[in-house]
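Here, each number is a calculation from the coordinates, and none is a lab measurement. Computed from a predicted model, the values in this text were never measured in an experiment. Reconstructed Cβ throughout: ideal geometry from the backbone, glycine too, with neighbour counts over all protein chains shown.
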Amino acid sequence: MDLAATIVLNGLTLAALYFIVASGFSLIFGLMRVVNMAHGTLYLVAGYVGYRVFEPLYDADVWWAWYAGLAAGIVAAAVAGALLQWVLLSWMQGQELRQALVTIGVSIIVADQVLAIFGGTPRQFFAPDAIFGSTRVPFVGGYPTFRLVQIGIAIAVGIALWLVLNRTRLGMMIRAGVDDREMLGACGVNVPRVGIAVFALGAALCGLGGVIGSTAQPLALGQDGRFLLISLVVVIVGGMGSITGTAIGAILVGLAEQIGQAMFPTYSVILTFVIMVAVLALRPQGILGRA
Amino acid sequence: MRSAAFRAIGALLLVAAPFLLLVVLPQNQALFWTANVLGRAIVFGIIALSLSFLATYGGFISLAQMMVAGSAGYAVAILVDGAVPTIVGGVPYALAMPIALVVATLMGLLVGAVAVRTRDIYLLMITLAVAMGVFRFVETNIAWFNGYEGIRNVVGPQLFGTDFRNPYVFYYVSLVVAALLYGGVLYLVRTPFGLVLQGIRDNDRRVAALGYSVKLHRIAAFGVAGFIAGAGGVLATIYNIGISPGTIGLGPTVNVLIMSVIGGLGHPAGAFIGSLIFTVFDTFAANIYDRDRFNTLIGLVFLVIVLVSPDGMVGLGTRLRSLLGARRAPQP
């Protein structure tokens, strides 16, 4: 019982992280129809830039070191995302495959430059005291507080995204853009600027995930590929461009990974892919995707 | 007629390359070029050919081709005598290699079946996800794939009393395999199957309305590509004297795409042109920019090609020729 509860809780905390990262991917795909293959790279950028800011502050024993690192990581990712859209992708709108190839090229270059600038040493953030340590959870016992915070942040991100998309002017423009870009432009909206905003927002979410993920587990090269893969699988399973679908996809993938690792360690990856293939066979557009 | 002459000269050059290199370079450098630049370029060109075949005639940009090649490599490594560690072992190369091709073909069919209802960027995403899933499975599974370390000492069979890895033997075997597969692709696309495939690329609904099964043709095309990739995978495994999960990771997966795109996705020859350019850059990155920054360099080349000439070097050549031809046209 205890073990089962721990596994489920582990799965959910992992799902929370996956949701934060993948929601950015899904958002960008939903409006821009861009498969951002550099999404994992944005995760790396946020982690390493955030760490650059975090480290000296942490050594100086400032209580807000982690928050500063978090902010720096988010900003770095958002700026990188906005630049990617503004400089490279905006003028080949509609050529989806070409855009995907461009993001692949960018991801190769940026990942290599990250290695050159920050070195290959794995890094890990230390969470501030307020959310460090362990908390007692029924059925489970002591559990890392930060992981519970992770779930809280994911829920907050989900609600905030829902509010932004459904209750604000920007959200209205984004949803209109998904359905008909040209008509949106004809209504007097600056569609390219909305595109940059969406890219910045999606990248910022990835940056948030980057710093949080690098607090829960070490940040190293190779994480970019891992989180790109996670984002792909989560949105393929959940449905492209749907926030609720992304949440469902993240929970399925997170739980499958943890349950798989507990029950048949060296075959655990297969479980995730069985889910993906099953979804593809039955509903190619994903669980909540629109056809 | 002139292009036929060009082709004949090109083929002659490829056959004579090891000896021409001996004339212009000292012996050890000529050997290095034969095996580690040209030989390697041909082997990876074969893997890239499987992608170019799918992209050119089916419109499918599959990112699973390196993984499919790796499945053949692993099949050989698992089966053959002398591999370290021995997983199954005891099978001679003459039997293990055909089995590996069958494995790769089946793997290709499987990828095709998984991705059968998707296209364009969705297909790209799904094939990448499948490839990375297999990669992570192989990396974590010790019993069958020896996990992270992989399987070493796959040296290839003896051929006419010489080592398979003798630079000349390896070069000519790879060249013959590549030529057969390249010719096979050019032949296949003129058969009814190839024509239907191109019809699907241009308009799958019409093809379906004509009574062809779009799904079966698509899956079969992935099977053919799997066979091609498998041949490249077996050769690459022997070239590397073994195989490890790193060979089918995200980097190599993307590298195959880079080769095909640099060469040009509009023609199967692009695969070999691209892989040659890639290999030359890979080998001499140290002299051009910085030894460790090869990825930045090739990434920039790739990015420039995608931005400037989406149909790659082949497209660039075609445009250049039509430009020259247009200039010459007024004076017949």
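The GNM of chain A, with springs linking C-alpha atoms under 10 angstrom apart, assigns the highest mean-square fluctuation among A:68, A:250, A:200 to A:68.
When the Kirkwood radius is taken over all Cα pairs of chain A, what Stokes-Einstein diffusion coefficient follows at 37 °C and 0.692 mPa s, in µm²/s? Don't skip to the end; give the middle numbers.
Values: Rh = 19.4 Å.
Once the numbers are plugged in, D ends up at 169 µm²/s.
The 3J(HN,Hα) values that the Karplus relation (6.51, -1.76, 1.60; θ = phi - 60°) gives for the stretch A:22-35 are, in residue order, 6, 5, x, 4, 5, 4, 4, 5, x, 8, 8, 6, 9, 7 Hz. Gly and Pro appear as x. The Cα-based radius of gyration and maximum Cα-Cα distance (Dmax) for the protein assembly as shown are 25.4, 89 Å. Comparing B:305, B:253, B:130 along the charge dipole axis of the stretch B:2-328, the residue lying farthest to the positive side is B:305, per the Cβ-charge model.
Rounded to the nearest 20 debye, the dipole size of chain B about its Cα centre is 1080 debye, using +1 on the Cβ of Lys and Arg and -1 on the Cβ of Asp and Glu. Each part reduced to its alpha carbon centroid, the stretch B:117-146 and the stretch A:246-263 end up 17 Å apart.
The distance separating the Cα centre of the stretch B:201-268 from that of the stretch B:1-52 comes to 22 Å. Look at the dipole of the protein assembly as shown built from charges on Cβ: of A:176, A:151, B:93, the Cα furthest out on the positive end belongs to A:176.
The relative contact order of the stretch B:132-274, computed from alpha carbon pairs under 8 Å that lie at least 6 residues apart in sequence, is 28 percent.
Placing +1 on the Cβ of every Lys and Arg and -1 on the Cβ of every Asp and Glu, with nothing else charged, gives the stretch A:19-220 a dipole about its Cα centre of roughly 360 debye. Its relative contact order, with pairs defined as Cα atoms under 8 Å and 6+ residues apart, puts chain B at 28 percent.
Taking all Cα pairs closer than 8 Å and separated by 6 or more residues, the relative contact order of chain A comes to 36 percent. Here the Gaussian network model covers chain A, with springs between Cα atoms less than 10 Å apart; of A:23, A:268, A:107, A:268 fluctuates the most.
For chain B, take every pair of Cα atoms, bin their distances at 10 Å starting from 0, and report each bin as a whole percent. Whole-percent P(r) values from 0 Å outward: 6, 25, 34, 25, 9, 2, 0, 0.
The GNM of chain B, with springs linking C-alpha atoms under 10 angstrom apart, assigns the highest mean-square fluctuation among B:163, B:202, B:292 to B:292. Volume per residue of the convex hull around the Cα atoms, evaluated for the stretch A:123-244, comes out as 147 Å³.
For chymotrypsin sites (Phe, Trp or Tyr not before Pro), no site in the stretch A:206-291 is both called loop by DSSP and has at most 16 other Cβ atoms within 10 Å.
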